[in-house]
Each structure stands twice: as structure tokens, then as C-alpha cells.
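A.B. asks: Would you mind keeping the following structure in view while I ask a few things?
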Amino acid sequence: MNLPILTIITFLPLIGVFFILFNKGEEERVGKISFHVSLLTSLLVFVLSLFLWFSFDKTISSFQFVEEKKWIIDFVKYKVGVDGISILFVVLTAFITPICIVATYNSVKFRKKDFFIALLVMETMMIGVFCSLDLFLFYLFFEAGLIPMFLIIGIWGGIRRVYAAFKFFLYTLLGSVFMLIAIIFIYMQTGTTDVEALLALDIPVQYQYLLWLGFFASFAVKTPMWPVHTWLPDAHVEAPTSGSVILAAILLKMAGYGFIRFSLGLFPVASDFFSPLVFSLSIIAIVYTSLVALVQKDMKKLIAYSSVAHMGFVTIGIFAFNSQGIEGSIFQMISHGIVSAALFLCVGVVYDRMHTRQISDYGGVSNVMPNYAIVFMIFILASLGLPGTSGFVGEILVLIGIFKTNYLVAFFAATGVVLSACYSLSLYRRVCFGEITNDKVKALKDINYSEFIILIPLLILVILLGVYPNIILDTISTSVESLVSVYNAKIATFNNLMIK
Amino acid sequence: MENINFIYPEIFIAISILGLLMVGVFKTNSFNLVTKLTSFMFLITIPIVFLNSTVSMKLFSNNYIVDELSSFLKILILGSSAFALFFTDQYIKKNKLDKFEYPVLITTAILGMFVMVSSNNLIGLYLGIELQSLSLYVLASLNRDSTKSTEAGVKYFVLGALSSGLLLYGCSLVYGFTGSTNYYVIAENFSADNIALLFGLVFILIGLAFKISAVPFHMWTPDVYEGAPTSVTAFFALAPKVAGFGAIIRILYIAFGNVFDEWQSILIFISVASMILGAVAAIGQTNIKRLMAYSSISHMGYGLAGLATGINEGVTASVIYIFLYVVMNIGSFACILIMKRKDIYLENIRDLSGLSKNHPLVAFCLTVMLFSLAGIPPLAGFFAKFYIFMAVVKADLIILAVIGLVTSVISAFYYLRIIKIMYFDPEQEKFDPISSKGVKISLALSTLLILFYFLNPSILNFFVNLASKSVQ
């Protein structure tokens with residue numbers, strides 16, 4: 001089949017943007033039309049991505065649906081393709097975007113047209129990141145996503161939105177320029193930026209360390225790892241609900257994906273060398289940010305810190321260098337994408353009614369919003385990794401993986417499980433249980449139809465993935481196995497060389 | 001006599017200047033007519049230059065060169081000047097600058113720039129620079145009733161005269177020790193052991209760095225940019241930089257090509273200093289013209305970084321950079337000319353507040369320009385920076401690349417600040433409706449080019465590659 005399906009999936013949202021652009025008239029009507037157009041576009045993308053997933057051959061580890069076109073002569077080709085590692089992120093992006101669009105309908109009150117344009121442009125950039133098989137193209141999408149996100153936080157955000165938007169933009173940009181230098185250097189050394197060719201190639205060991213650090217600078221900011229995580233709580237808190245969802249569910253995963261694809265694939269020796277660094281930063285992230293999350297007064301900030309802790313698990317799993325660890329990381333990323341999106345939406349539900357995110361303003365919500373309390377409960381449990389929910393599978397796989405390589409790291413990482421239970425449950429207790437102290441809470445109405453529609457698919461997925469994780473593991477296992485075996489082979493050759 | 005055939009553009013412009021002066025002197029209120037004639041003359045000159053664009057000719061005993069590089073830069077100079085005249089027409093009339101000398105002086109400056117980019121001789125270079133600079137001094141103080149404008153003109157003149165003096169002193173040293181003012185002969189006789197020659201080289205570089213406002217010879221730039229009428233500032237930001245670059249490329253790569261090691265470190269210093277100062281000093285600015293001045297300083301730094309590599313890719317990257325810089329500045333200045341309430345032109349960044357609600361399209365165009373100036377992909381400014389850093393890394397100057405990229409993050413801050421003011425801040429009174437066609441068309445064209453450059457970057461690369469080969 002020669003249909004350029006990946007290109008279509010990537011750039012279809014831009015066609016939606018095109019239609020929205022030529023909509024003029026009353027603000028109300030334009031907002032409505034933009035909503036319908038963008039929802040339709042994103043659903044179409046989602047259907048296409050499902051089609052992509054079903055026609056994906058799970059038994060081979062190489063890249064599929066590869067498209068290659070001339071772009072910049074003598075330098076970079078336009079090359080896209082997916083393998084088992086990246087395809088699920090494409091599906092996740094396509095799945096989360098329509099949910100964000102529906103959520104926007106309630107939470108964004110002004111300039112809806114612009115918001116949907118930004119959201120759709122964002123979708124193109126995010127899918128592009130996961131599809132691109134060329135370092136230059138990857139960087140292009142990775143960075144271009146900053147522009148719409150900057151505007152989303154800055155225009156529709158909360159009180160300190162300007163500060164948050166600037167911090168987000170400048171942190172990420174500063175990290176990324178080091179990756180750009182590394183990419184240029186790789187091109188100078190090897191004469192290509194084609195990822196497939198580079199993966200097959202051995203980059204000289206003496207360069208690997210610095211190049212690895214260049215990529216690490218970018219991914220560490222984006223993940224985010226301690227100590228460069230401080231942009232995330234600000235961005236999360238100030239962004240509108242759907243902005244937070246996109247940030248938590250997909251933007252952070254770009255970095256995890258980057259670690260697996262580029263850090264491990266291109267610089268195995270350096271990855272091995274620097275793994276203690278990653279482990280220590282991740283452990284600090286898990287323990288420290290969990291403790292910080294415990295004392296948060298703002299619901300969104302608490303979830304933001306919990307994201308940092310959960311991403312700590314992801315990085316530990318990736319640098320365990322075995323198939324359980326990496327599979328666990330990917331699973332954890334996808335699960336966290338769904339769960340954190342759901343948690344932010346849950347916060348959004350009460351925020352739209354109360355216009356406050358302070359935990360102390362709530363209490364006893366379960367009395368007036370029983371349905372909401374049930375849904376929120378399930379997502380909280382999934383977040384702390386209760387067996388039977390998707391959060392559990394990722395965590396246990398990561399812990400198994402890291403246990404094989406390093407007991408000590410496994411021990412500290414495991415404390416994170418307990419800590420996450422502490423802050424998650426305490427958040428839930430303070431919001432939902434107890435006496436109703438605030439009169440406004442008494443007047444709350446339970447979740448409405450459109451909120452229900454958004455949360456139900458997430459709820460089903462969380463449980464489905466928790467009970468039957470093979471949906472995901474089947475797709476990723478072949479690619480991960482081959483990644484690990486190539487990695488081990490490269491490390492073995494290097495060690496042999498060192499011994500000689 | 002066959003030499004004459006290749007300098008038709010210069011001859012044509014020179015004769016036009018005389019003709020335009022005649023028209024201006026003998027006809028009252030002739031600004032409109034002269035401007036139209038000038039634009040028409042630009043349009044005719046571009047194809048004339050283009051006809052010669054595929055030849056590489058050494059004219060007048062190797063003292064004047066017409067090749068792909070000079071033709072490319074000349075077309076760029078003509079094009080950008082045409083735009084600068086085109087989109088400022090209304091501003092000129094509103095501010096009562098509509099004197100016929102205006103287009104004539106611009107044309108004179110262009111003739112000087114043509115000589116600068118083609119000259120293969122120190123005397124020719126000096127003549128070109130002076131012809132250009134003297135016209136620019138007058139242009140800067142064109143608004144005679146404004147103290148700021150006259151101050152700008154005087155400041156520019158005094159400092160410009162000083163730098164010309166330094167340049168001339170450098171020329172005399174080089175001439176004294178090599179026995180010629182021709183670049184080829186200088187290249188043959190230049191020996192790096194001779195301290196006096198190196199002195200000469202440094203003085204020449206200082207003179208040229210002044211003309212493109214590179215640090216530490218940038219002091220005049222913010223004041224002149226702010227003081228001069230906006231229409232003149234727009235012209236300052238475009239064509240003179242192109243010409244300065246052309247002159248620098250030719251003198252460094254041909255006359256001093258053999259002593260690359262001697263000037264490389266100077267150029268790296270100038271480049272790093274420009275990037276850092278341009279990025280840091282712009283943060284505190286509130287006047288958008290001053291801000292553009294610092295922005296142009298830092299962009300000159302990036303352009304020079306490409307030249308500091310001493311390799312073909314570096315020259316190509318610099319020429320691409322200067323081309324896209326010109327396009328981005330056309331767009332930005334077109335936006336600045338839109339900032340007008342009740343027939344008064346505004347210059348404070350604060351006045352842009354809430355632009356995205358009042359004029360969403362203008363805000364979008366300016367946002368594209370600013371993100372591109374900041375070098376965010378997928379806009380053209382990113383590619384421009386990317387090519388520069390690619391050449392820099394290839395020349396093993398990784399530290400320079402790191403500094404450049406970090407300063408680009410710092411400068412992103414002040415570009416973002418403008419975007420923040422446009423998008424995040426509360427709206428103010430609307431600007432006057434845009435009635436100038438020139439502004440609309442220039443803004444639309446430059447935005448489209450910057451926005452869709454990524455679709456096919458190879459076209460520009462192809463032309464620039466041709467151009468930059470001719471200096472190797």
C-alpha cells in the first residue's frame with residue numbers, strides 16, 4: 001500500500017486549521033464552528049491512527065510505513081516512519097487531542113477560534129516528533145511545538161501566565177540548543193541525519209559522551225528531571241485545563257521517547273557510562289518531588305509534582321537497559337499520559353465550578369458530587385499504581401527491570417510507590433472526604449454530560465490496560481527486544497575493545 | 001572598452017541620479033514624480049544586473065569585479081531599497097519629509113553600495129563607502145525640525161568620519177607595505193610577519209565593522225536608529241548591511257585570504273561580542289526602533305560568525321543569513337509603520353499592547369517575524385541560524401556555536417516580550433486603519449516567505465551557493 005498515511009496523519013490537523021482560519025463573523029458562532037471543525041479533524045486523525053495501529057505488523061522490529069522525499073538537497077530528507085516504540089505515542093496523541101478539544105469547550109471562554117488553531121498546530125507538531133526518522137526533522141517538530149504551547153499558556157492561562165509561559169519557553173529552548181549542536185556535530189561526523197542509517201552506524205566512542213550530554217540537556221528539561229523541573233509546576237498550574245493535559249500527557253513523553261530512540265540507540269556506550277547520573281537524578285526526582293507534592297496547597301501543582309516523580313520512574317526504566325525496564329517505561333508513559341490527563345480534567349471539572357484550585361477550599365465534595373468522586377477515585381488509584389489499573393503495570397515492570405541491574409536504585413525507586421500513595425490519597429481525602437466547610441461546595445452540581453463523555457473513555461482505558469496490558473506490550477515488545485539486543489551487542493563489542 | 005559593458009547598472013544609476021536631480025530641481029513639489037521614477041529605475045536596474053549575473057568578470061585591470069556574488073548582493077540591495085521606499089511612502093508624506101532629495105539620496109547611497117560590493121581595490125572600496133555614508137548622514141538628519149533627527153545625523157557623521165579615517169589609515173598602511181591597492185596584489189605581497197601590515201588589516205576591519213554596526217563599534221546604532229525618521233531607519237537596517245557584508249567578504253577572502261589565521265580571531269571576537277551585547281542590551285529597551293537596532297547588532301554577530309569560519313559553507317551561510325535578515329526586517333519595519341494612532345506614529349513597545357485583538361492579522365505577521373528573528377523552527381530565521389552554526393561546527397569552532405546558540409536563547413526573551421505584549425496584555429485603542437498599500441504588500445510578502453521558506457529551502461541555497469563560490 002503506497003498511501004502516505006503518516007504524512008496524512010501528521011498534517012491533517014493543519015488542513016483543519018485552514019478551514020477554521022476562513023471563518024468569520026460573530027464570535028459565538030465562529031467559536032462553535034471552529035469547535036466542530038477541530039473536533040472532526042482530530043477524530044479523523046484518531047481513526048486514521050487506529051487504522052495505522054491495526055495495519056502495523058507487530059512481528060517485525062524495523063520501521064514501517066516509511067516515506068522518504070527530497071527536502072533540502074544534499075542535506076536532509078523528509079523521512080517519516082514508525083516502529084513499535086513510536087506508534088503508540090502517535091495513537092496516544094491522536095487520542096488525547098479530541099479529548100482536549102471537548103474539554104476546551106467548557107473551560108475556554110474567549111478567543112476560541114485561536115485556541116483551536118493552536119491546539120491543532122500543536123497536534124501536528126507532536127505527531128511529527130514521534131514519526132520523524134530524521135534528526136533534523138525531529139528537532140524541527142520538537143522546537144516548533146513551543147510556539148503554540150507558549151501562546152496557549154500565555155493567552156488562556158491563569159494569573160501568573162506570563163511568567164509561566166516565559167519560563168516554559170526559555171527553559172526548553174535553552175535545553176534544545178545543545179541538542180541542535182549535537183545534531184550538527186553528528187551530521188559533520190557521519191554525513192547523515194537519517195535515524196535509520198545512524199542507528200546502524202557506530203558513532204565513535206570519544207564523541208559519544210559529549211553528544212549524549214547535548215541530547216540529555218534537551219530531554220532532561222523536557223522530561224523534566226530534577227533540578228530543571230521547575231518550569232513544569234508553573235506551566236501546569238497556569239495553563240488552561242486542556243493545555244495542562246497536553247503538557248502532561250504528550251509533551252513530557254517526547255523526552256522519554258527521545259531517550260529511548262536517540263540516547264540509547266545512538267550513544268549506547270555513553271548511555272551506559274552516564275546511567276548512574278540518570279539514576280541519581282531520577283531518584284532525587286522521585287523522592288524529593290513526592291515530598292514536595294505532599295505539602296502542596298494547589299491541586300494542579302500537586303499533580304504537576306507527581307508527574308515529575310512518575311517521569312522519574314520512566315527514566316529509571318529506560319536506563320535499566322533491559323526489555324522489562326524499557327517496556328515498563330513505555331507502558332508507564334502511556335499510562336501516565338492517560339491518568340495525568342484524566343486527573344487534570346478532574347481538577348478542571350471542579351475548577352470550572354469553583355474557580356479555585358486551593359485544596360483547602362474544598363472538602364466533602366463526595367457528598368454533593370458522588371459520580372465525580374467515584375471517577376476521581378479511580379484515577380487517583382491509577383496514579384498511585386493500584387493493581388488492576390494501568391499505573392500498576394508500568395511501575396512493576398520498571399521495578400523488575402531495575403531490580404535486575406541495580407538493587408539500590410530499585411530500593412529507592414520503590415519508596416516512590418509508597419510516597420505516591422501518600423500524596424495522592426491525601427489529595428483525595430482533603431478534596432472529597434470530610435465535612436463540607438465551604439458554602440460554595442454545597443452548591444456544586446455533579447459532572448455533566450460532556451464532562452462524562454470525556455472522562456469515560458479514559459476510565460475504560462485505565463482499567464482495560466490494567467487488566468489486559470498485552471494490548472500495549474504486544475505492539476512494543478518486538479521493537480524493544482531488538483533495541484535491547486542491539487544495545488547489548490554494541491556494549492559487548494566496546495567492552496571487548498577495552499579489554500584488548 | 002568592453003569593460004564598460006559590464007558596469008551598465010552603475011552607469012545607469014549614475015545617469016539616473018543626475019536626471020532625477022534635474023527633475024527635482026526644475027519641477028516644484030516633485031516628490032511623487034521623483035519617487036515614482038526612482039522605483040521605476042530600480043525595476044529596470046534589477047534585470048540589467050541579472051543579465052550579468054552569470055558571468056565572472058575582472059574589469060579595469062582587476063580593480064572592479066562583476067561576479068555571481070556581487071550580482072546577488074546588488075539585486076538584494078536594489079530589492080530591499082525598493083521595498084524601503086515602497087512601504088514608507090505614507091510615513092514620509094505624513095511627516096512632511098516629502099522632499100525630492102529623499103529618493104535621490106537613497107539612489108546615491110545605492111550607487112555607493114554597488115561600488116562597495118564590486119570593488120577589488122582599496123580606493124574603490126573607500127570611494128564606495130564614502131559615497132554611501134555621506135548620503136546616509138544626510139538621510140539620518142532629513143527631518144530638520146526634529147532635534148533627535150539632527151542629533152542622529154551629527155552623531156552618525158562624527159563617528160562615521162572617524163571610522164572612515166581609521167579605514168583610510170589602514171588602507172595606507174597596507175598600500176605602503178604591499179605596494180598596491182589591488183586586492184590580488186595585496187594577497188600576493190601580504191606577509192603575516194609584517195606587524196605594520198597586520199595593523200593595517202585591523203584598521204580596515206574596524207572601519208568595516210563600524211559600517212555594519214558590529215560590537216565594539218556599534219555605539220552609534222541605537223541612537224541613529226531611534227533619532228532618524230522611521231522610513232530612514234528601515235533603509236539603514238536593510239541595504240547598508242548587505243553592502244557592508246559584501247565588502248567584508250571580498251576584502252577578507254580575497255585580499256587577506258592568505259592570512260586567514262590572523263583575522264579569524266578578530267572576527268570571532270567581534271562576532272561573539274555583537275551576539276552577546278545585542279542580546280543583553282536589548283532586554284531593557286522600550287523603544288521598538290532601539291530594540292531593532294540591538295537586534296540588528298546581534299544579527300550582524302551571527303552573520304560574522306559564518307565569515308569567521310573561513311570555509312565556503314560559512315560564506316554561503318552568511319549570505320543566506322543576510323538575505324533572510326533583510327526579509328525579516330522588511331516585515332518588522334512594515335509592522336512598526338502600522339503603529340499609528342490619530343495620525344501620530346508611535347514607537348513605544350507598550351503601544352502594541354493587545355494588538356492581537358484589534359489587528360489579529362498584523363499581530364500574526366509580526367509574531368512570525370519575531371519568532372523567526374529569535375530563530376524558532378520551522379520559520380526561516382531558524383534555517384538561517386542553522387546554516388551558520390553548521391559551518392561554525394564544521395570549522396571546529398564549537399565554542400562559538402555554543403555561545404551563539406545560548407545568546408540566541410537570551411535574545412529570544414526580548415522577542416517573546418513583544419509577543420507577550422501583543423497577545424497577553426489588555427487591549428488599547430485601535431491603530432489607524434492601514435491605508436498604505438506598500439505596507440500591506442511588503443508585510444504579506446515577507447510573512448509568506450518567512451512562513452513557507454521551510455517547504456523548499458533548496459532554491460535559495462542554490463543561488464547563494466553559486467554566489468559564494470566566486471570568492472573561493
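A.B. asks: Every residue in segment B:282-320 that is touching a Leu at 6+ places or on another chain (Cβ under 8 Å), outside any helix (DSSP H, G or I) and open to solvent by 10 Å² or more (accessible area, probe 1.4 Å), please.
C.D. replies: B:285
A.B. asks: For segment B:388-410, how many residues are more than 8 Å from chain A (Cβ to nearest Cβ) and either free of Cβ contacts under 8 Å to residues at least 40 places away in the same chain or buried (at least 24 other Cβ atoms within 10 Å of the Cβ) (or both)? Don't jump to the end; show me each part of the working.
C.D. replies: At the first step, the residues of segment B:388-410 found to be more than 8 Å from chain A (Cβ to nearest Cβ) are B:388, B:391-392, B:395-397, B:399-400, B:403-404, B:407, B:410.
From what is left, the residues that are either free of Cβ contacts under 8 Å to residues at least 40 places away in the same chain or buried (at least 24 other Cβ atoms within 10 Å of the Cβ) (or both) are B:388, B:391-392, B:396, B:399, B:404.
Total satisfying the criteria: 6.
A.B. asks: So, residue A:152, is that one over 19 Å from the mean Cα position of the chain (by Cα), more than 7 Å from chain B (Cβ to nearest Cβ), buried (at least 20 other Cβ atoms within 10 Å of the Cβ) and in a helix (DSSP H, G or I) or not?
C.D. replies: No: the conditions fail for residue A:152.
A.B. asks: Has segment A:167-180 got any residue that is open to solvent by 10 Å² or more (accessible area, probe 1.4 Å), farther than 30 Å from residue B:396 by Cβ and either within 11 Å of another protein chain (Cβ to nearest Cβ) or in contact with a helix residue (DSSP H, G or I) (Cβ under 8 Å, 6 or more places away or on another chain) (or both)?
C.D. replies: yes
A.B. asks: Here's a follow-up. Let me spell it out: the conditions are (1) surrounded by 14 or more Cβ atoms within 10 Å (Cβ to Cβ); (2) outside any helix (DSSP H, G or I); (3) modelled with pLDDT under 85, and residue A:32 meets all of them except one. Which number is the exception?
C.D. replies: (2)
A.B. asks: Something else now. What helices (runs of 4 or more DSSP H), lying completely within segment A:394-500, carry at least 2 residues that are under 21 Å from residue A:290 (Cα atoms)?
C.D. replies: Qualifying helices (runs of 4 or more DSSP H): A:407-432.
A.B. asks: Can you name every residue in segment A:280-318 that is open to solvent by 20 Å² or more (accessible area, probe 1.4 Å) and among the aromatic types (Phe, Trp, Tyr)?
C.D. replies: A:288, A:305 - these are the residues of segment A:280-318 that are open to solvent by 20 Å² or more (accessible area, probe 1.4 Å) and among the aromatic types (Phe, Trp, Tyr).
A.B. asks: Which of the residues spanning segment B:79-106 are open to solvent by less than 10 Å² (accessible area, probe 1.4 Å), within 19 Å of the chain's Cα centre (by Cα) and under 18 Å from residue B:334 (Cβ atoms)?
C.D. replies: B:80, B:81, B:84, B:85, B:87, B:88, B:106
A.B. asks: Another question about this same structure. Of the residues A:324, A:332, only one is open to solvent by 10 Å² or more (accessible area, probe 1.4 Å) and touching a residue at least 40 places away in the same chain (Cβ under 8 Å); which?
C.D. replies: None of the others qualify; the one that does is A:324.
A.B. asks: Give me the residue from segment B:450-462 that is of a type outside the set (Val, Ile, Thr) and surrounded by fewer than 17 Cβ atoms within 10 Å (Cβ to Cβ) and, out of that set, nearest to the other protein chains (Cβ to nearest Cβ).
C.D. replies: Within segment B:450-462, the first condition is being of a type outside the set (Val, Ile, Thr), and the residues that meet it are B:451-458, B:460-462.
With surrounded by fewer than 17 Cβ atoms within 10 Å (Cβ to Cβ) added as a condition, the list becomes B:452, B:455-456, B:458, B:462.
Details: B:452: 12, B:455: 9, B:456: 8, B:458: 4, B:462: 8 Å.
The selected residue is B:458.
A.B. asks: A further question follows. Of B:273, B:243, B:279, which residue is on the phi < 0 side of the Ramachandran plot, assigned to a helix (DSSP H, G or I) and touching a Pro at 6+ places or on another chain (Cβ under 8 Å)?
C.D. replies: None of the others qualify; the one that does is B:273.
A.B. asks: Restricting to segment A:54-70, count the residues that are open to solvent by less than 30 Å² (accessible area, probe 1.4 Å) and in a strand (DSSP E or B).
C.D. replies: 2
A.B. asks: Can you tell me which residue in segment B:30-76 is least open to solvent (accessible area, probe 1.4 Å), limited to those that are free of Cβ contacts under 8 Å to residues at least 40 places away in the same chain and among the β-branched types (Val, Ile, Thr)?
C.D. replies: So the residue we want is B:45.
A.B. asks: Take the residues in segment B:415-424 that are touching a residue at least 40 places away in the same chain (Cβ under 8 Å) and within 11 Å of another protein chain (Cβ to nearest Cβ), then tell me which one is most open to solvent (accessible area, probe 1.4 Å). Quick ask: steps written out before the conclusion?
C.D. replies: To start, the set of residues in segment B:415-424 that are touching a residue at least 40 places away in the same chain (Cβ under 8 Å) comprises B:415-419, B:421-423.
Imposing the further condition that a residue be within 11 Å of another protein chain (Cβ to nearest Cβ) reduces the set to B:415-417, B:419, B:421-423.
Numbers: B:415: 3, B:416: 3, B:417: 55, B:419: 1, B:421: 3, B:422: 0, B:423: 28 Å².
Step by step, filter segment B:415-424, then rank; the result is B:417.
A.B. asks: Among (1) assigned to a helix (DSSP H, G or I); (2) over 20 Å from residue B:296 (Cβ atoms); (3) open to solvent by 10 Å² or more (accessible area, probe 1.4 Å), where does residue B:192 come up short?
C.D. replies: Checking residue B:192 against (1) assigned to a helix (DSSP H, G or I); (2) over 20 Å from residue B:296 (Cβ atoms); (3) open to solvent by 10 Å² or more (accessible area, probe 1.4 Å), the one that fails is (1).
A.B. asks: Looking for something part of a loop (DSSP other than H, G, I, E, B), touching a Ser or Thr at 6+ places or on another chain (Cβ under 8 Å) and away from every other protein chain (no Cβ under 14 Å) - is there at least one such residue anywhere in segment A:96-110?
C.D. replies: Yes - at least one qualifying residue is present in segment A:96-110.
A.B. asks: Of all residues in segment A:204-228, how many are outside any helix (DSSP H, G or I) and open to solvent by less than 10 Å² (accessible area, probe 1.4 Å)?
C.D. replies: Residues that pass the stated criteria total 3.
A.B. asks: Could you tell me which of the residues B:349, B:338 is over 29 Å from residue A:78 (Cα atoms), more than 9 Å from chain A (Cβ to nearest Cβ), modelled with pLDDT under 90 and buried (at least 22 other Cβ atoms within 10 Å of the Cβ)?
C.D. replies: So the residue among B:349, B:338 that is over 29 Å from residue A:78 (Cα atoms), more than 9 Å from chain A (Cβ to nearest Cβ), modelled with pLDDT under 90 and buried (at least 22 other Cβ atoms within 10 Å of the Cβ) is B:338.
A.B. asks: Filter segment B:24-36 for residues that are assigned to a helix (DSSP H, G or I) and closer than 11 Å to residue B:101 by Cα and give the result.
C.D. replies: Within segment B:24-36, B:24, B:25, B:31, B:34, B:35 meet the criteria.
A.B. asks: Can you go through A:405, A:437 and tell me which one is of a type outside the set (Phe, Trp, Tyr), open to solvent by 40 Å² or more (accessible area, probe 1.4 Å) and more than 30 Å from residue A:63 (Cα to Cα)? Before the answer, list the steps.
C.D. replies: On the way: A:405 fails: more than 30 Å from residue A:63 (Cα to Cα).
Just one listed residue meets the conditions, A:437.
A.B. asks: Here is a further query. In segment A:182-203, which residues are surrounded by fewer than 23 Cβ atoms within 10 Å (Cβ to Cβ) and either of a type outside the set (A, V, I, L, M, F, W, C) or facing chain B (nearest Cβ under 9 Å) (or both)?
C.D. replies: Answer for segment A:182-203, where residues must be surrounded by fewer than 23 Cβ atoms within 10 Å (Cβ to Cβ) and either of a type outside the set (A, V, I, L, M, F, W, C) or facing chain B (nearest Cβ under 9 Å) (or both): A:185, A:187, A:188, A:189, A:190, A:191, A:192, A:193, A:194, A:196, A:202.
A.B. asks: Right, another one. Among the residues of segment B:425-438, are any open to solvent by less than 50 Å² (accessible area, probe 1.4 Å), within 13 Å of chain A (Cβ to nearest Cβ) and farther than 19 Å from residue B:325 by Cα?
C.D. replies: In the first step, residues of segment B:425-438 are kept if they are open to solvent by less than 50 Å² (accessible area, probe 1.4 Å); the result is B:425, B:431-432, B:436, B:438.
Within this subset, residues satisfying the condition of being within 13 Å of chain A (Cβ to nearest Cβ) are B:425.
From what is left, the residues that are farther than 19 Å from residue B:325 by Cα are B:425.
For segment B:425-438, residues open to solvent by less than 50 Å² (accessible area, probe 1.4 Å), within 13 Å of chain A (Cβ to nearest Cβ) and farther than 19 Å from residue B:325 by Cα: present.
A.B. asks: Something else about it: Based on what the data block shows, is residue B:130 in contact (Cβ under 8 Å) with a residue 24 or more places away in the chain and open to solvent by less than 50 Å² (accessible area, probe 1.4 Å)?
C.D. replies: Judged against the criteria, residue B:130 is a match.
A.B. asks: Sticking with this structure for a sec: Do you know which residues across segment A:386-443 are of a type in the set (Phe, Trp, Tyr) and over 22 Å from residue A:466 (Cα atoms)?
C.D. replies: A:407, A:411, A:412, A:433
A.B. asks: Which members of segment B:248-269 meet the condition of being closer than 16 Å to residue B:216 by Cα and open to solvent by 10 Å² or more (accessible area, probe 1.4 Å)?
C.D. replies: Selection gives B:265, B:266, B:268, B:269.
A.B. asks: Mind checking which residues of segment A:56-78 are hydrophobic (A, V, I, L, M, F, W, C) and within 14 Å of chain B (Cβ to nearest Cβ)?
C.D. replies: Passing the criteria: A:71, A:72, A:73, A:75, A:76.
A.B. asks: Read through the list (1) of a type outside the set (D, E, K, R); (2) at the interface with another protein chain (Cβ under 10 Å from one of its Cβ atoms); (3) open to solvent by less than 20 Å² (accessible area, probe 1.4 Å), then give the number of the only condition that residue A:162 fails.
C.D. replies: (3)
A.B. asks: Still on this structure: For residue A:244, work out the one condition from (1) within 20 Å of residue A:264 (Cβ to Cβ); (2) open to solvent by less than 10 Å² (accessible area, probe 1.4 Å); (3) of a type in the set (Ser, Thr, Tyr) it doesn't fulfil.
C.D. replies: So the condition that residue A:244 fails would be (1).
The values are calculated or read from the model by the stated rules, or taken from the named source; none is laboratory data. Computed from a predicted model, the values in this text were never measured in an experiment. Quick reminder, even Gly has a Cβ in these numbers, built from the backbone with ideal geometry, and neighbours come from all protein chains shown. Surface areas here come from the heavy atoms of the whole protein model, side chains and all, with no ligands, DNA or RNA. Shrake-Rupley method; radii C 1.70, N 1.55, O 1.52, S 1.80 Å.
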